[in-house]
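We did not get these values from a lab; they are worked out from the coordinates using the rules stated. Bear in mind the structure is a predicted one, so any value in this text is a computation, not a measurement. FYI the Cβ positions are ideal-geometry reconstructions off the backbone, even for glycines, and counts take in every protein chain you see.
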Amino acid sequence: MQECRADIKKIIASLDLSSYSETTFLHALTLAKSLGAELILLSVINSRGLEQIERLSAQGFGVSREKYVETAIADRKAEFEKEYLSRAAGVPCRLVFREGLPWEQIVKAIKQEEADMLVMGTKGRSNLAGALFGSTAEKVFRHAPCPVISVRGPEHCRLPGTV
């Protein structure tokens, strides 16, 4: 029988800057503070969008995959620093950027970072891919090698003083 570890030292929050990211971040930050854990903010640049960039590049539109990824990472880094890192005082926190299929990259990041827990939203930027191929969240739940905390959208967030 495999040993179950209950000590949580590293938490990954998967954030895509959708409307779910704020609530996901707040839950992950609260957990990290409570447990004295490191918080890793993960953002994945979806390879499906990169395939479109490559097609445009091949047609002579002057857009390169490398430049797009470089710009996307710089933009996301600035947004994360402004919106999230500034509120993580007292919690060891760092950013990780990856590119590929989101569910695969999230699972790989969990393994490579040796994370003890993942916090993610149940929806991301689009519902279309989930309707056709199965959601990123559902695939992560099936393949993640650690506990996964599912955060519903901001419309389900309890505000202080409410029931």
The exposure ranking of 97, 61, fewest beta-carbon neighbours within 10 Å first, is 61, 97
Debye log10 I(q)/I(0) for region 10-156, one point scatterer per Cα, at q = 0.20 Å⁻¹: -1.27
Karplus ³J(HN,Hα) for region 33-50 (6.51 cos²θ - 1.76 cosθ + 1.60, θ = phi - 60°; Hz, whole; x = Gly/Pro) runs 4, 5, 9, x, 9, 6, 10, 10, 8, 10, 10, 10, 8, 5, 5, 4, x, 5
By a straight-distance test (C-alpha under 18 Å), which lysines pair with residue 67 as possible cross-link partners, with residues fewer than eight away in the same chain excluded? 77
Cα-based Rg and Dmax for region 20-64, where Dmax is the largest Cα-Cα distance (Å): 17.9, 52
Could you pull out every residue, at least 5 positions away or on a different chain, whose amide H is within less than 5 Å of the one on residue 99? Hs are placed 1.01 Å off N in the peptide plane, and Pro or chain starts have none. 45
